[in-house]
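Note sheet for the following structure.
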Amino acid sequence: MKVKRTQVGIIGAGPAGLTLARLLFESGISTVILEAKDREYVENRIRAGVLEKGSVELLGRAKSDARLQSNAQIHKGIEISLNGDRCRVNLEKLSGGKHVTVYGQTEITIDLIEVHTKLGGEIIFEASNVIPRDFETKTPVIQYESNGDLTELQCDFIAGCDGFHGISRSSIPPSKLKFFERVYPYSWLGILAEAPPPSKELIYASHERGFALYSMRPPTRSRLYLQCENNTTLDHWPDEVIWNELRCRLGVKDAHLIQEGEIIEKGVTPMRSFVTEPMQYGNLFLAGDAAHIVPPTGAKGLNLALSDIFYLSNAFTSFYDTGSTKELKSYSKTALSRIWKTERFSWWMTSMLHKASETDNFEDRIRLAELDYLLSSEAALSSLAENYTGLPY
Ligand code: APR
Ligand code: PHB
């Protein structure tokens, strides 16, 4: 068995693990990232792309925002469409000057990997049988295999940034954790298309046939979603059916705004809310999707992962600068306070915009009343804008 040593061992090279590694590198703290997949796979995953101000600032601190600064789009508003009637929500005015930045998560991952490897940061791709061990002691270890070698990575701390299906959360004795979960009775069919989006801003459309979202990957592509049944398969969704449904849910008046183009990606995403408490056990710290999941309405998954990393990187830096464990001890509590508020917002947007099940007509009327109230109340719209553009850290 080979032996390696680092200060913080990081499991997972998604946005959470990569941003943590970059921030710690900038503070002179050594890390090694162990990633199960190969680099090409990691750089091609397609996910939401709406960034809060805090996320953009953190990527700046991580010195990984050069392409973002030149290619991203600033969005000062979103649109909400109700059965074909569109209404613009002026995020900037309602939130006191804030906006969101549209830039794909795929690009963020590419940028973080490029900068980190160029500056000499270590990412071990295709690490298999990754096992975090001894994290209840002061000498935690991550065991892994790479190129046929079995290695023990000795570290001071382990950061579990390995997503919802990772090994970190499941390595903690279940009796030490509490889980909170909601699975929604619908999914999203998502496409990426070589076609201009119907509007310069995102359109969240609630329609009697179901929810649709018209988003984009600047500069030229559309990212479009349709509410669908949980047990749907891609065979139910030939291209023609998708385009017709996208036109229909945007409404008769605006259907012509949909421009068809080659569909280069098609997939179904289930919708889930999930939180683990606490996000720490001994010297193993969970961050990002490893600890919590939000449904994609509102695009908070990446932003939440990055706010965890804000708190966790500060806590590690404070420990190595001063020897204080105060911030490490309060990491879980501090992060969870923001996570639960964002879970609430994502649940609220999801429940309000999606058609509820046929059998629950009461719930469907309530959510339509909620939407009607939202669109008629400046107070309610301000709350939407405050949450959508991002709560403070
Ligand atoms: N060993 C090593 N790496 C692993 C393991 C394992 N056992 N299990 C998973 N991984 C890797 C995955 O291959 C992936 O690259 O951990 C990484 C986790 O990355 P993400 O799933 O992107 O999670 P995170 O970094 O927390 O980012 C959250 O991703 O799912 C979206 O909506 C979410 O946008 C949010 C963001
Ligand atoms: C996306 O562009 O993929 C996206 C945008 C906004 C959301 C969800 C997904 O709320």
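The values are calculated or read from the model by the stated rules, or taken from the named source; none is laboratory data. Nothing here was measured: the structure is a model prediction, and the numbers come from that model. Virtual Cβ from ideal backbone geometry, glycine too; neighbours counted across all protein chains shown. To get the accessible areas, we keep the full protein, side chains included, count just its heavy atoms, and leave off ligands, DNA and RNA. Shrake-Rupley method; radii C 1.70, N 1.55, O 1.52, S 1.80 Å.
A compact table of results
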| read-out | value |
| --- | --- |
| Built amide H within the under 5 Å cut-off of residue 100, gap 5+ | 75 |
| The range 44-146: radius of gyration over Cα atoms, expressed as a fraction of 2.2 N^0.38 Å | 1.53 |
| The chain, dipole about Cα centre (Lys/Arg Cβ +1, Asp/Glu Cβ -1), debye to the nearest 20 | 940 |
| Selection from 314, 212, 168 lying farthest towards where the dipole of the chain points positive, charges on Cβ | 314 |
| Average accessible area per residue (Å²) across the range 37-167 - probe 1.4 Å, nucleic acids and ligands excluded | 46 |
| Carbon plus sulfur fraction of accessible area for the chain, probe 1.4 Å, in percent | 51 |
| Selection from 241, 255, 180 lying farthest towards where the dipole of the range 159-281 points positive, charges on Cβ | 180 |
| The chain: most fluctuating residue of 301, 166, 28 per GNM, C-alpha cutoff 10 Å | 28 |
| Shape call, the range 34-97: gyration tensor on alpha carbons, a/c limit 1.5 | oblate |
| Proximal lysines to residue 4, defined as alpha-carbon separation beneath 19 angstrom and excluding residues fewer than eight positions away on the same chain | 138 |
| Net charge over other residues, Cβ less than 12 angstrom from the Cβ of residue 37 (K, R count +1; D, E count -1) | -4 |
| Dipole of the chain, positive end: most advanced residue of 375, 137, 72 [Cβ charges, Cα centre] | 137 |
| Listed pairs 93/333; 98/326; 76/341; 200/333 exceeding 30 Å between Cα atoms | 93/333; 98/326; 200/333 |
| Mean residue ellipticity (222 nm) of the chain, computed from DSSP H runs ≥ 4 via -39,500 (n - 2.57), nearest 500 | -11500 deg cm²/dmol |
| Antiparallel DSSP beta bridges within the chain, percent to nearest 5 | 70 |
| In degrees, nearest ten, helix 361-376 long axis to first principal axis of the chain (Cα) | 90 |
| The range 257-302 - charge dipole about Cα centre, Lys and Arg +1 at Cβ, Asp and Glu -1, debye rounded to 20 | 180 |
